[in-house]
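Shown next, in structure tokens, is the structure this report addresses.
The values are calculated or read from the model by the stated rules, or taken from the named source; none is laboratory data. Note that this is a predicted model, so its numbers are computed, not measured. Neighbour counts are summed over all protein chains in view; Cβ atoms, including those assigned to glycine, are modelled from backbone coordinates with ideal geometry. With ligands, DNA and RNA removed, areas are computed over all heavy atoms of the protein, side chains included. Shrake-Rupley method; radii C 1.70, N 1.55, O 1.52, S 1.80 Å.
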Amino acid sequence: MPEAKFKCLRCGHEYTGSYTPGTPQELTCPKCRSNSVRRLPEKKPAQKD
Amino acid sequence: MMDVGRHPNITLYSYSEVDALTGFVGNFHITIRRKARYVVESECTACNDCVEVCPVVVPDEYQQGFSSRKAIYIPFPQAVPSAYVLNMEECLGNNPIACGKCAEACEKKCIDYDMQDELINIEVGVVIVATGMEVYDPTELDEFGYTRHENVVTSMEFERLICAGGPTEGHFLRPTDRETPKTIGFIQCVGSRSENRGNPYCSNICCMNTVKDTLLLRDHYPDIEAKVFYIDIRAFGKGFEDLYKRSREGGVKYIRGIPGEIEENPETKNLLLTVENTTTGQLEKHELQMVVLSLGLVPRHDGDLLKRFLTLSNTVDGFLMECHPKLKPVDAPTRGVFFAGCVEAPKDIKDSVTQAGAAAARASILLNAGKVKVEAITSRIIEEKCNYCGICARVCPYHAIMEPDRKAKKAPVVIQAACAGCGTCAAECPQDAIEMRHYRDEQYLAQIEALMAERPHEHIVTFACNWCSYPGGDDAGTARLQYPTSCRLIRTMCSGRVDEDFVMHAFRLGAPIVLVSGCHFSDCHYIDAVQWTQKRVERMWNKLERLGIRPERLQLDWISAADGQKFARVMRELEEMLKTVTMEEIKHTMEVLSNGKAEKKATAAKKAKVKKKTPTKKAKVE
Ligand SMILES: [Zn+2]
């Protein structure tokens, strides 16, 4: 499974984890248990879609 | 089984598989592949003449390989119909016929080497799924030496060895020397209740199966010394505690601890178990002549096909998910589909029979009514707005929307009886060409406007799904848990209904924080609609960022109906976040989203991306 960077939009914690492409998974921040976890874009953060 | 075979209202398709299953409640179409058995079952009298002459000998699966059968055989003594089946892969040859002895021996001329699989199409109103489970394969647990030590057997193998109809005709013998063992150990939770290997869940039946086995041994072989190695004994059913007590009083030793290793004495073939007795804290060694691994239950390996056919989903353990764990425990989320037995979760015979009775009763309600009452919350296509992109048909968890025909300019059609009203199609439709009856976009937008009418910057707009997160809020209230009054709830049937327009509208009107909340993935009441929620929120985070709005202001949480604690905690955390959102920030957001230009630009960028990803949309005439 490929790895990606994730960022918790509740506490700001960033971490690396694996994910299955194309299949949304329930994500939980390991630090604050929030589900507002965003997989960060791989190349450029944000501007380009 | 005999009764089923004889029942005038039941057609039994034995030795058959479901090839295809389409349709919806009241209108399921099933294609059944009746596999060629190469024996005309209506003529076969099960006289055994063919078996006697068949020269092919293979291990008998039913007897767990402890005895053999022929290539032509009856799978097990009680099989219905009582007719032979010829395994063509084992047969010495059909084309050309190399052996043909069974055909020669059969007086009634039942053997037909040219028989072909037959496809049967049937129409049914409801479907009961009772496809059962499998047992855990213990080969990965190397410490128990199942593949190395012959006298380590599984609970299934033990069952055959002690059964009067088994390979030893009920004489309990150990495999290596065919002597009745004097000592035997049972190891519990093999493949169950383990986070690392096997499965984390309790398989429900293994404790009582072992208790039953020890009582059987007590009755037939009172001299055998039996020891049970366990984590804890779960004897929770009616009369079960009494059986457990009888087993202990009968001299069976229950040792709290699972052996870490089994070694074999190469000469005696006895087994040496090393175990930490967690009651005494002592490391113990036990020499036993035979060990039984009490296997856990696992979902069928071929269950995915059925899930696809019936648009079913499974819980984290892999067993099929029911419509509601408490209120609709035998209904599938797909209307007109019911569960019976271990396909839904590991359960014993009594629970399986109870569930089967309930499933039959639930099915007969629909069959007798002859029509289905649909709650008026289903979706409706607004044909004038539709551009035939077909996204709705692809996202529908129930496959309740028939694909549009772009060439013929035919809009998609919602099968009302199959639609469950989750609203995912309405939220995903880029043209806003789908309306949910009684949960229309206008109604939600009006609710948002009402919430934002006064002091909008003080309110956390919370979209909560009907089944989990809204009751989660209720649970917090019932438990008198304190959470901030800034929380403003808007109930949706499913979090999948939360349209991007709703979220942006709330921000446009001055909401500092918006929360989208729904069921956990494993609890989603609309199969996998929650996955679309996640995807959509991720898209919205990207869009907010493009617009220069902090994505953090859109929050996402999965809250179960019983998790009032989490609901309250999330609200307290969001209250803290709310304090970090400045009035300038809110004003900027309102401006960006109100002038429309920036938002249109961001949406256009998104739509261009959607177009790229949707090949059917390329040919669209706009
Ligand atoms: Zn966090």
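Looking only at residues in the range B:517-533 that are crowded, with 23+ Cβ neighbours inside 10 Å and facing chain A (nearest Cβ under 9 Å), which one is farthest from the chain's Cα centre (by Cα)?
B:S517
Can you tell me which residues in the range B:107-117 are open to solvent by less than 70 Å² (accessible area, probe 1.4 Å) and either more than 25 Å from B:A20 (Cα to Cα) or small (G, A, S) (or both)?
Within the range B:107-117, B:C110, B:I111, B:D112, B:Y113 qualify.
Restricting attention to strands (runs of 3 or more DSSP E) lying wholly within the range B:257-357, give those where 3 or more residues are in contact with a Lys or Arg (Cβ under 9 Å, 6 or more places away or on another chain).
Here the list reads B:271-277.
Sort through B:V516, B:V461, B:V503 and tell me the only one that's touching a Lys or Arg at 6+ places or on another chain (Cβ under 8 Å) and under 17 Å from B:W541 (Cα atoms).
Matching residue, one of B:V516, B:V461, B:V503: B:V461.
Among the residues of the range A:22-49, count how many are more than 9 Å from the ligand (Cβ to nearest atom), assigned to a loop (DSSP other than H, G, I, E, B) and modelled with pLDDT of 85 or more.
Residues flagged as more than 9 Å from the ligand (Cβ to nearest atom), assigned to a loop (DSSP other than H, G, I, E, B) and modelled with pLDDT of 85 or more within the range A:22-49 amount to 6.
If B:R193 satisfies all but one of (1) among the charged types (D, E, K, R); (2) part of a helix (DSSP H, G or I); (3) within 34 Å of the chain's Cα centre (by Cα), what's the number of the condition it fails?
Exception for B:R193: condition (2).
Within the range B:559-577, which residues are under 19 Å from A:P24 (Cα atoms) and in contact with a Phe, Trp or Tyr (Cβ under 7 Å, 6 or more places away or on another chain)?
B:I559
Can you name the number of the only condition in (1) polar (S, T, N, Q); (2) closer than 30 Å to B:K579 by Cα; (3) open to solvent by less than 60 Å² (accessible area, probe 1.4 Å) that B:T424 fails?
Tallying (1) polar (S, T, N, Q); (2) closer than 30 Å to B:K579 by Cα; (3) open to solvent by less than 60 Å² (accessible area, probe 1.4 Å), B:T424 fails exactly one: (2).
Could you check the range B:430-468 and list, in sequence order, the residues that are under 37 Å from the mean Cα position of the chain (by Cα), over 25 Å from B:K385 (Cα atoms) and open to solvent by 40 Å² or more (accessible area, probe 1.4 Å)?
Within the range B:430-468, just B:W467 meets the criteria.
For B:D213, indicate whether it is of a type in the set (D, E, K, R) and crowded, with 20+ Cβ neighbours inside 10 Å.
yes
Kindly indicate the residue of the range B:118-141 that is within 25 Å of B:R193 (Cα to Cα) and small (G, A, S) and also least open to solvent (accessible area, probe 1.4 Å) among those meeting that condition.
B:G132
Quick one: how many residues across the range B:544-558 are more than 9 Å from chain A (Cβ to nearest Cβ) and either in a helix (DSSP H, G or I) or open to solvent by less than 40 Å² (accessible area, probe 1.4 Å) (or both)?
3
Across the range B:40-84, which residue is surrounded by the fewest Cβ atoms within 10 Å (Cβ to Cβ) among those that are in contact with a Ser or Thr (Cβ under 9 Å, 6 or more places away or on another chain) and of a type in the set (A, V, I, L, M)?
The residue in question is B:V57.
Among the listed residues B:T180, B:T176, B:T154, B:T168, which satisfies the condition of being out of contact with any Asp or Glu (no Cβ under 6 Å at 6 or more places or on another chain) and open to solvent by 30 Å² or more (accessible area, probe 1.4 Å)?
Step by step, each of B:T180, B:T176, B:T154, B:T168 is checked, and only B:T180 is out of contact with any Asp or Glu (no Cβ under 6 Å at 6 or more places or on another chain) and open to solvent by 30 Å² or more (accessible area, probe 1.4 Å).
Would you mention how many residues in the range B:218-250 are out of contact with any Phe, Trp or Tyr (no Cβ under 6 Å at 6 or more places or on another chain), open to solvent by less than 50 Å² (accessible area, probe 1.4 Å) and within 21 Å of B:L272 (Cα to Cα)?
The number of residues fulfilling the criteria is 5.
Could you check how many residues of the range B:68-90 are touching a residue at least 40 places away in the same chain (Cβ under 8 Å) and touching a strand residue (DSSP E or B) at 6+ places or on another chain (Cβ under 8 Å)?
Looking only at that region, the number is 5.
For B:E17, work out the one condition from (1) outside any loop (DSSP other than H, G, I, E, B); (2) free of Cβ contacts under 8 Å to residues at least 24 places away in the same chain; (3) more than 30 Å from B:A420 (Cα to Cα); (4) open to solvent by 50 Å² or more (accessible area, probe 1.4 Å) it doesn't fulfil.
If we test B:E17 against (1) outside any loop (DSSP other than H, G, I, E, B); (2) free of Cβ contacts under 8 Å to residues at least 24 places away in the same chain; (3) more than 30 Å from B:A420 (Cα to Cα); (4) open to solvent by 50 Å² or more (accessible area, probe 1.4 Å), just (3) comes out false.
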